[in-house]
């Protein structure tokens, strides 16, 4: 009987649990630190585990991490936890913060300055989930590691 990937933290039975995490404490360098962590993680995933990671996946992961950490820093007091994990052919980005209010994407408005981060994230990820926790909330987004074989960009089907 094969192990359920969900029961092993998302890793396939023949693949080690590939993940990294960091607590961000609000010192002004959080967003840059989170982006560097994401880039370094995916570079190691490719080099050490031989998994395909497209340049697009690397760029989108840094964008999603940046937007989610920015929102957490802006709206929630206290630390922010960032967790990156390989789940199948995706990178899962999880951001936890202490504010229990779930984010809501606003209607598109070309005249609005700012506050487009969640719209951008939802447009480029394969899946997105916002969930209340006993303390705060957890935002989970998954991004395809590689473009599909036909050269099309993998992403959320709208």
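The values are calculated or read from the model by the stated rules, or taken from the named source; none is laboratory data. This structure is a prediction, so every number in the text was calculated from the model and none was measured. Every residue, glycine among them, receives a Cβ derived from its backbone with ideal geometry; neighbour counts consider all protein chains shown.
Hey, any hits in the stretch 62-77 for a residue that's farther than 16 Å from residue 30 by Cβ, in contact with a strand residue (DSSP E or B) (Cβ under 6 Å, 6 or more places away or on another chain), surrounded by 13 or more Cβ atoms within 10 Å (Cβ to Cβ) and in contact (Cβ under 8 Å) with a residue 12 or more places away in the chain? So that I can check it myself, show each step before the final result.
Start the filter on the stretch 62-77 by keeping residues that are farther than 16 Å from residue 30 by Cβ, which leaves none.
Within the stretch 62-77, not a single residue is farther than 16 Å from residue 30 by Cβ, in contact with a strand residue (DSSP E or B) (Cβ under 6 Å, 6 or more places away or on another chain), surrounded by 13 or more Cβ atoms within 10 Å (Cβ to Cβ) and in contact (Cβ under 8 Å) with a residue 12 or more places away in the chain.
Please work out if residue 12 is modelled with pLDDT under 95, surrounded by 14 or more Cβ atoms within 10 Å (Cβ to Cβ) and over 25 Å from residue 123 (Cβ atoms). Break it down stepwise before answering.
Values: modelled with pLDDT under 95: yes; surrounded by 14 or more Cβ atoms within 10 Å (Cβ to Cβ): yes; over 25 Å from residue 123 (Cβ atoms): yes.
Spelling it out, residue 12 is indeed modelled with pLDDT under 95, surrounded by 14 or more Cβ atoms within 10 Å (Cβ to Cβ) and over 25 Å from residue 123 (Cβ atoms).
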- prompt: On the given criteria, is residue 65 within 13 Å of the chain's Cα centre (by Cα), part of a strand (DSSP E or B) and at pLDDT 95 or above?
  reply: no
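Going through the stretch 41-61 one residue at a time, which ones are free of Cβ contacts under 8 Å to residues at least 12 places away in the same chain and assigned to a helix (DSSP H, G or I)? Before the answer, list the steps.
Going residue by residue through the stretch 41-61, those that are free of Cβ contacts under 8 Å to residues at least 12 places away in the same chain are 44, 46-48, 50, 55, 59.
44, 46, 47, 48, 55, 59, listed by residue number.
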If we ask which residues in the stretch 90-120 are in contact with a helix residue (DSSP H, G or I) (Cβ under 7 Å, 6 or more places away or on another chain), at pLDDT 95 or above and closer than 30 Å to residue 52 by Cα, their number turns out to be 3
The condition from (1) under 23 Å from residue 127 (Cβ atoms); (2) modelled with pLDDT under 95; (3) loosely packed, with under 12 Cβ neighbours inside 10 Å that residue 55 misses is numbered (2)
